[in-house]
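The block underneath contains the structure these notes are about, expressed in C-alpha cells.
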Amino acid sequence: MRCLVTGGAGFIGSNFVRFLLTRNLYDKVAVVDNLSYGGYLDNLNGVLSGIDFFQIDISDYSSLAKVFEEFRPDHVYHFAAQSHVDRSILNPGQFISSNIVGSFNLFELSRIYKTQKFIHVSTDEVYGSANPGESFLESSPLDPSSPYSASKAGSDLLALSYYKTFNFPVVITRSSNNYGPYQLPEKFIPLAITNLLEGKPVPIYGTGMNIRNWLYVEDNCEAILTVGLHGATGEIYNIGGLHECEIPNLELAKILCDLLGRSYSLLEFVKDRPAHDLRYSLDSSKIKKQLNWEAKTKLRDGLHKTVEWYSTNRPWWEKRKKELEEYYKQNYGNR
Ligand code: TDX
C-alpha cells in the first residue's frame, strides 16, 4: 500500500509523517509540499530517508499529475493548506488557490488514478462561532467567519460532492485547535511561548475571553490515522480535545506564564481580530462511538511538553521568527 501525504513538511503534516512511520502500515510513504512559508524540509529531519519527497505546489495541476503518474497512491492524507486566519484577512487570494484550487486538483487526480481512500483534513472553524453551552456535531450547518474558514468549508463541500457524484472515497476530519512541536510562531501558543522565552510581550486580542478547545497534535495524528484506516467513506468526523482543554485565551496565556516563570505583566491586550469567533467547541462523540478514539492528552501535560520542545529547539523557531518579521509588522503594527 502506498500513501501520499500533502503538506507533509508543515506543522500537523510533519507530525503525522513521524507518527505514521513508527506504525509501519504502508509499504511506501511520499510527501508533497511546496516548502513555502510554513513547510520546511528540516521539519522532517530524521525521517526523510524513509520517504519520497516531491517539492510541488498543489495548485499546480500538471506537476501534481506527474506525482500521481509516478507514485500512484492508494491512500491520500491531505494536510496541505494555508491555515492562519490573520493571514487570510491580510491576503485572502492564497487561501483560494491552495485550499480550494489545490484541493480540487487533488480530488480530480485521486479520482483519475483511482485512489482507494482520500482523507481530507479540515477544521472546526467551518462551523463558525459556538454559543455558550453549544457544541457542534458533524451535521451542524457550516457558517465560516474568515476567508480561511470559508475556503476550508468550500473544499469540504467539494469533497462531499465528489463522494455523491463520483462515489469518490473521501472521508473528512474536522479537528479543534492543534498545538505541539513544529508549529509556526504565528499561531497563538507557539507565539506566546517563544515571546515569553524572549521576555517579549504576548499580544492578546480583544479581552482574551475567546475560547478555544486545544488538541495536542499527536492525539490529532492518531485520530486522523484511525479515520484513514477505519472511517467510513462519505463521512465526517469531528476530532476535539478533552473537555478540560476548552479555555479562554487569557487563562491559557497565564498557564504559559506560570510554566515559563514569567510575569502576567507581559500579557498585552491589543486590538481585536475582525470577525473573531468567540468560541469553538466540538461534539466528538461520533468518532468515540464508531472508531473508539478519544483525546488522551491533558492540557497541562501537552503544554508542558510543548514548552519543553520550544525551550530546547531555539534555533528552529529563531529562524522562523526572523522570516516572519515582515508579517508581524503587518499584522501587529496597527494594533
Ligand atoms: O497574537 C495572537 N493573539 C491572540 O489573542 C494570536 C495569533 C491569536 N490570538 C487568539 C485568536 C484566537 O482566539 O488566540 C486564539 C487562537 O488563535 P490562532 O492560533 O490564530 O488560531 P485560531 O484562529 O483559533 O485558528 C486555529 O484553529 C483552527 C488554526 O489557526 C486554524 O488553522 C485551525 O483550522
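See the values below:
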| read-out | value |
| --- | --- |
| Sole exception among (1) at negative phi; (2) assigned to a loop (DSSP other than H, G, I, E, B) for F68, by number | (2) |
| Checklist (1) part of a helix (DSSP H, G or I); (2) away from the ligand (no atom under 16 Å from the Cβ); (3) among the β-branched types (V, I, T) applied to I189, failing item | (2) |
| Any hit, segment 173-190, residues being surrounded by fewer than 23 Cβ atoms within 10 Å (Cβ to Cβ), free of Cβ contacts under 8 Å to residues at least 24 places away in the same chain, within 20 Å of the chain's Cα centre (by Cα) and closer than 26 Å to R320 by Cβ | no |
| Residues of segment 238-292 satisfying the condition of being of a type in the set (D, E) and surrounded by fewer than 19 Cβ atoms within 10 Å (Cβ to Cβ) | E244, E251, D258, E268, D272, D283 |
| Counted residues, segment 109-148 - those being closer than 19 Å to G228 by Cα and not in a loop (DSSP other than H, G, I, E, B) | 11 |
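Each value in this text was obtained by applying a stated rule to the coordinates, not by laboratory testing. It should be emphasised that the depicted structure is a prediction, and the values quoted were computed from it without experimental measurement. We place every Cβ from the backbone using ideal geometry, glycine too, and count neighbours over all the protein chains shown.
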